[in-house]
Structures are given as structure tokens and as C-alpha cells.
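What follows is one structure encoded as C-alpha cells, with my remarks underneath.
Taken together, the values in this text are just the output of simple stated rules run on the coordinates, not laboratory data. Keep in mind that this is a model prediction, so the values were computed, not measured. Cβ placement follows ideal geometry from the backbone for every residue including glycine, while neighbour counts extend to all protein chains displayed.
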Amino acid sequence: MYMIAIYFVVMSDVKLLFDCTGFEWDKHNSEKIWFKHQVSPSESEQIFFNLPLVVADTVKLSEKENRYYALGRTDSNR
């Protein structure tokens, strides 16, 4: 039963990705991901078009917006 609940949460999050029309990066976030992970914004976006892709709610709560994390592979298999 527990795994079924997780499956439905992940599938509902993936549905939101299909409605996405693009990516918007502010300067602070694009610099932060480069210094923290050595990944450019355009390379980060590649994971949404490759499999496997894992999208889930973050544990950290934000009062301003829903927060998610995504794990996947880039075109160069990173």
C-alpha cells in the first residue's frame, strides 16, 4: 500500500512536467548550481527529457511555493 501511494504522488508530479513550456533561471540560481554541482542550467534541463527521471516533493517546506527535486541523466550520461 505504501508503494502505491508514492507511485501516485510521483505520477501526479510528472503530469505537471508535461504542462511545462520552458525553464526560467535567475542569475543567483544558475551561478549556485554551477558552483555546487558544476552543471550549467542547459545541462540541468536535459534530465527532464531523458529516462530514468525521478521527481518528488522536498522535505523542506516553503510557505511561498511548492518545492520539488529531480534526479536524472544528462545527454552526456552525467
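Using 0.36 nm per residue and subtracting the Cα-Cα separation, the extra length available between Tyr68 and Glu43 on full extension is 7.2 nm.
Neighbour counts of C-beta atoms inside 10 Å place Thr74, Thr58 in the sequence Thr58, Thr74, starting with the fewest. Close amide H partners of Val39, meaning residues 5 or more places away or on another chain with modelled amide H under 5 Å apart, are Trp34. A straight Cα-to-Cα reach below 18 Å connects Lys32 with the aspartates and glutamates Glu24, Glu43, Glu45, residues fewer than 8 places away in its own chain not being considered.
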